[in-house]
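Reviewing the structure listed below.
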Amino acid sequence: MAIQGDVQENILSTKKALDDLGIDGTVTDVKTADDVKKLDGLIIPGGESTTIGQLSLVNSSLRIIKEKIEGGMPVFGICAGMILLAKTASDRVVGKTNQPLLDLLEIKVERNSFGRQRESFEAEIAMDSISIPKFRGVFIRAPSVSELSSDVEVLSKFNEKIVAIKKGNIIGTSFHPELTSDVSLHKYFINLVKNSKN
Ligand code: GLN
């Protein structure tokens, strides 16, 4: 999704992951509802969830994205992207935020859960259940999942906070895999897309 945020980084990581897997695929940037209709999978990048949500609401792509994901299209929400997947979002300082969300997962997300920009950090993350035991997590004004329903799987926690989740073809991370050279999460996502087409 190329409305705002870490778009080019995700395009590069996804292309590298396709190469590593030896899979022939097309990576495109997506802005409009018509772009969304053609997709087999969508990455919603990190950036500013209020901006991405508001602009995609205005150009009607938000509604089409929701329909496609409800129809089974895999989606990978990164940081701001994970916030957009949630039913409700609040900010650690200002409380409940009134922002457009996709409401695809029964989760509540706390924005800026680890502090503001200057509190950005990197930490080692384990996601054993998807066979990624070691991953360098880059956290930038990162959210965490503060409430979730029992059908949402916790993939990883850091400092007791939930930082990676999965439900069916939907995955979300608080951290930014596109800012490391490790493309294992992008590869995992591509396999979700591939399997959803079989
Ligand atoms: N704090 C941002 C938001 O609430 C997310 C930060 C990020 O994506 N790196 O949208």
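The values are calculated or read from the model by the stated rules, or taken from the named source; none is laboratory data. Since this is a predicted model, take the numbers as computed values, not measurements. Don't worry about glycine lacking a Cβ; one is built from the backbone with ideal geometry, like all the others, and counts go over all protein chains shown.
So the values come out like this:
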{"read-out": "Filter result (within 13 Å of Met82 (Cα to Cα) and in a loop (DSSP other than H, G, I, E, B)) within the range 153-198", "value": "Ser174, Phe175, His176"}
{"read-out": "Residue list for the range 29-82, restricted to those being hydroxyl-bearing (Ser, Thr, Tyr) and part of a helix (DSSP H, G or I)", "value": "Ser49, Thr50, Thr51, Ser56, Ser61"}
{"read-out": "The listed residue being farther than 15 Å from Leu105 by Cβ and in contact (Cβ under 8 Å) with a residue 12 or more places away in the chain, out of Gly71, Gly46", "value": "Gly46"}
{"read-out": "Flag for Lys31 being among the charged types (D, E, K, R), more than 10 Å from the ligand (Cβ to nearest atom) and closer than 21 Å to Ser149 by Cα", "value": "no"}
{"read-out": "Criterion (more than 11 Å from the ligand (Cβ to nearest atom) and modelled with pLDDT under 95) met by exactly one of Lys66, Lys96, Lys87, Lys108", "value": "Lys96"}
{"read-out": "Lone unmet requirement of (1) exposed (fewer than 15 other Cβ atoms within 10 Å of the Cβ); (2) aliphatic (A, V, I, L, M); (3) more than 26 Å from Gly71 (Cα to Cα) for Val183", "value": "(1)"}
{"read-out": "Enumeration of residues in the range 92-127 that are part of a loop (DSSP other than H, G, I, E, B), over 22 Å from Ile170 (Cβ atoms) and of a type in the set (A, V, I, L, M)", "value": "Val93, Val94"}
{"read-out": "Options Val109, Val94: the member that is surrounded by fewer than 19 Cβ atoms within 10 Å (Cβ to Cβ) and aliphatic (A, V, I, L, M)", "value": "Val94"}
{"read-out": "Residue among Val7, Val36, Val75, Val27 that alone is closer than 21 Å to Gln99 by Cβ, of a type in the set (A, V, I, L, M, F, W, C) and over 15 Å from the mean Cα position of the chain (by Cα)", "value": "Val36"}
{"read-out": "Filtered residue count, the range 1-33, keeping only those that are more than 22 Å from Val138 (Cβ to Cβ), of a type in the set (Val, Ile, Thr) and in contact (Cβ under 8 Å) with a residue 60 or more places away in the chain", "value": "1"}
{"read-out": "Pick from the range 1-28, criterion outside any helix (DSSP H, G or I) and either loosely packed, with under 13 Cβ neighbours inside 10 Å or of a type in the set (Gly, Ala, Ser) (or both), ranking: nearest to the ligand (Cβ to nearest atom)", "value": "Gly5"}
{"read-out": "Residue match in the range 178-190 (condition: aromatic (Phe, Trp, Tyr), farther than 17 Å from Ile44 by Cβ and modelled with pLDDT of 95 or more)", "value": "no"}
{"read-out": "Condition check for Gly41: away from the ligand (no atom under 16 Å from the Cβ), modelled with pLDDT of 95 or more and surrounded by fewer than 15 Cβ atoms within 10 Å (Cβ to Cβ)", "value": "no"}
